[in-house]
1. Where in the range 1-120 are there helices (runs of 4 or more DSSP H), lying wholly inside it, with at least 2 residues that are open to solvent by less than 50 Å² (accessible area, probe 1.4 Å) and over 30 Å from Ala224 (Cβ atoms)?
2. So, in the range 183-218, exactly how many residues are touching a Pro at 6+ places or on another chain (Cβ under 7 Å) and open to solvent by less than 40 Å² (accessible area, probe 1.4 Å)?
3. Go through Val14, Val60, Val81 for me and flag whichever is touching a helix residue (DSSP H, G or I) at 6+ places or on another chain (Cβ under 6 Å) and over 29 Å from Ala214 (Cα atoms).
Amino acid sequence: MTIRVLIADDQEMVRAAFRMILDSQPDLCVVAEAADGAAAVEQARALRPDVCLLDIRMPVLDGLEATRLLAGPEVGDPLKVLIATTFDLDEYVYRALRNGACGFLLKDGAPALLTEAVRAAAAGNAMISPAVTVRLLARMTQGDDGSAARRPDAGAAPAGGGPGGLPEPLTQRELEVTRLVARGRTNEELAAELYVSLSTVKTHLGNVQRKLAARNRVEIAAWAWEHGLCAPDRDEAASPRSAPGAGGDPRDG
């Protein structure tokens, strides 16, 4: 089955590079290009591609607003949006997540990561570039000096006013799973660390996602950091481990 992709970036060279990489794969096909966010939204709504690959800074309509219009909480039939950006620790990236983006890539990443991320997005999974590690999520709650910082869009958490304020609280094991997801663990790593089966991990993740009203594991991770479940850890932040959903198998859900 061919995955149809729309590319939106105001730089023609970037669009050409992405098209070359994606079209070289037998299961990927670029069906449209756009040089600004408004054109991207118009074409995406008309063509309904499997994945929309959007830049953040574009003329007419930026990638953040385009993401909200295509994948935001108020969209009845949201599209899969993957952000390609140069801002790895910028508030723009966090806003894009809240607007419905299911993944983030840095433009200087390896071509293999781009194709893997597109496949993951099409499958309904989330992927974040390995360079955008847990530092991004830690930045939401910590200042550079380690002091508490303002949380951007803190009121936009998927559910509840805190871990204890959920309509249906998370169990202790679900909290453990949530913390590990926020640390970038894959399903296989979760199973190994918790000494449970892969199917049990998926069951816990399904329960967490339902209780938090989160659409993917990226939102689960954001909720965990936003509500203080994961104290920033320098060793974790410096680790080359991928961020949520960026494990070895893009089908890891």
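1. Per the criteria, 12-23, 37-47.
2. The qualifying residues number 5.
3. Val60
The values are calculated or read from the model by the stated rules, or taken from the named source; none is laboratory data. Remember, predicted model here, so these are calculated numbers, not experimental data. Reconstructed Cβ throughout: ideal geometry from the backbone, glycine too, with neighbour counts over all protein chains shown. Ligands, DNA and RNA are excluded from the accessible area calculation, which covers all protein heavy atoms including side chains. Shrake-Rupley method; radii C 1.70, N 1.55, O 1.52, S 1.80 Å.
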